[in-house]
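The values are calculated or read from the model by the stated rules, or taken from the named source; none is laboratory data. The model shown is predicted, which means the values in this text are computed figures rather than measured ones. Cβ atoms come from the backbone with ideal geometry, glycine included; neighbour counts cover every protein chain shown. Heavy atoms of the whole protein, side chains included, go into the accessibility calculation; ligands, DNA and RNA do not. Shrake-Rupley method; radii C 1.70, N 1.55, O 1.52, S 1.80 Å.
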Amino acid sequence: MDFWKYYDVTHKEHLVCNPMSIEKLNELITLLALKSGSKVLEIATGKGEFLIRLVEKYNVSAIGVDISPYHLGDAKRKAKERVPNADLTLIEMDGANYKPDTPESFDLTCCLGASWIYNGHEDTLKYLMSQTKRNGLVVVGEPFWISKPPKEYFDLSEIKYEMFSKHAGNVQIGENLGLKLLYTFVSTHDEWDRYLGLQWYAIDKYAQVYPEDPDLPEFLAKLNKEKKLYLKWEREALGWAIYVFRKTLERLDC
Ligand SMILES: C[S@@+](CC[C@H](N)C(=O)[O-])C[C@H]1O[C@@H](n2cnc3c(N)ncnc32)[C@H](O)[C@@H]1O
């Protein structure tokens, strides 16, 4: 399957590709209170909405990295329209291989909803910390278990219980690394329903326009399976939050 095409088709209607409302995104941006010229790195920037809003509000110098040519194409188009003169660089590559010339050089580093790039929450935080200045901010979006679904769920899902922690566990992992938690935005059912529902809506719209697309049956089968897993188990069992941390340590071995 062309996974990036699937992701593009199912996320056509999304402004941000995670279960956070635009109101909360704006709240997060206000809370970050960045100085003009601050350096920002976002891994898995998706369609770039968060980064572009940061540039619009604070005139930051920003780098966004994403592996998907579809999403990065959207991000570049938006950036050209909305912030044509900004110091914004969008790089299409695997975030796992992104190594800036100077470590610990960013005022804010982020990765919202793509911790698999670094094999999980802890190593994502370690990577972001290694790129963040002392006293800089580290922001991640990460799922967490509210409760453990039954074996039947894990037999059907690609998700393993070990992949995620609890909400408090996500915080503890950061604190064990020397990060100080400043704030969390925990998504509500409404935000999750919108995030998933927009995918069902988008694929239906695509199917009406491109019924002959040979990829469509496989895309529909995958999304229908995900829809069932969500409605039967994940809606009650899986949470998602944005964690805002400050890096307080001078230097880390990571
Ligand atoms: C759940 S979306 C989140 C996008 C964006 N952070 C947001 O919240 O709107 C995951 C993103 O990770 C990107 N991605 C997946 N694997 C990646 C990798 N190895 N390197 C960089 N980006 C990756 C996808 O293209 C997608 O844009």
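If you roll a 1.4 angstrom probe over the protein chains with everything in place, what fraction of the accessible area of the chain belongs to carbon and sulfur, to the nearest %?
Result for the chain: 52 percent of the exposed heavy-atom area is carbon or sulfur.
Which helices, counted as full DSSP H runs in the chain, have an axial Cα extent of no less than 24 Å and a Kyte-Doolittle average of 1.6 or above?
none
Does anything in the stretch 158-176 have its amide N under 20 Å from the 7 Å Cα→Cβ label point of Val186, and if so which residues?
163-176
How many angstrom lie between the C-alpha centres of the stretch 149-166 and the stretch 213-230?
Spelled out, the Cα-based centre of one part sits 19 Å from the other.
I want the local charge near Pro211. Using Cβ-Cβ distances under 13 Å, sum +1 for each Lys or Arg and -1 for each Asp or Glu among the other residues.
Details: positive: Lys205; negative: Asp204, Glu212, Asp213, Asp215.
Computed value for this residue: -3.
By how many nm would the segment from Lys126 to Thr102 grow when fully extended, if each residue of separation counts as 0.36 nm and the alpha-carbon distance is taken off?
Extending this stretch completely gives an extra 7.1 nm.
For labels at Asn85 and Asp215 in the simple 7 Å Cα→Cβ model, what's the distance in nm?
3.8 nm
Need one number: nm distance between label points at Ala207 and Arg246, each 7 Å from Cα along Cα→Cβ, rounded to one decimal.
Here the modelled spin labels are 5.0 nm apart.
Top mean-square fluctuation among Gln208, Gln131, Gln199, Gaussian network model of the chain, C-alpha springs under 10 Å?
Gln208
Taking every eigenvalue of the Cα gyration tensor of the stretch 169-241, multiplying by 5 and rooting it, what semi-axes result, largest first, whole Å?
The answer is 35, 13, 12 Å, longest axis first.
Need one number: nm distance between label points at Leu31 and Asp155, each 7 Å from Cα along Cα→Cβ, rounded to one decimal.
With each label point 7 Å from Cα toward Cβ, the separation is 4.0 nm.
For the stretch 21-84, state which trypsin sites (Lys or Arg not before Pro) are in a DSSP loop and have at most 14 other beta carbons lying within 10 Å of their beta carbon.
On the way: sites: Lys24, Lys35, Lys39, Lys47, Arg53, Lys57, Lys76, Arg77, Lys78, Lys80, Arg82; in loops: Lys35, Lys47.
Here the sparse-neighbourhood loop sites are Lys35.
In deg cm²/dmol and to the nearest 500, what is the mean residue ellipticity at 222 nm of the chain if only DSSP H runs of at least 4 residues count, each as -39500 (n - 2.57), divided by the residue total?
Working: 9 runs with 104 residues, N = 254.
That calculation yields -12500 deg cm²/dmol at 222 nm.
With a probe of 1.4 Å, find how much accessible area the stretch 93-172 has per residue, and write the answer as a whole number in Å². Please list the in-between numbers first.
Working: 3810 Å² over 80 residues.
I get 48 Å² per residue for this part.
Please compute, for the alpha-carbon atoms of the stretch 100-226, the extent along each of the three principal axes and give them in descending order in Å.
On the principal axes, the stretch 100-226 reaches 53, 38, 25 Å in Cα extent.
For the chain, with equal point scatterers placed on the C-alpha atoms only and solvent neglected, what are the log10 I(q)/I(0) values from the Debye formula at q = 0.13, 0.16 1/Å, to two decimals?
Each listed q maps to, in turn, -0.85, -1.27.
If you average the C-alpha positions of the stretch 78-128 and of the stretch 12-35 separately, how far apart do those two centres end up, in angstrom?
Result: 16 Å between the Cα centres.
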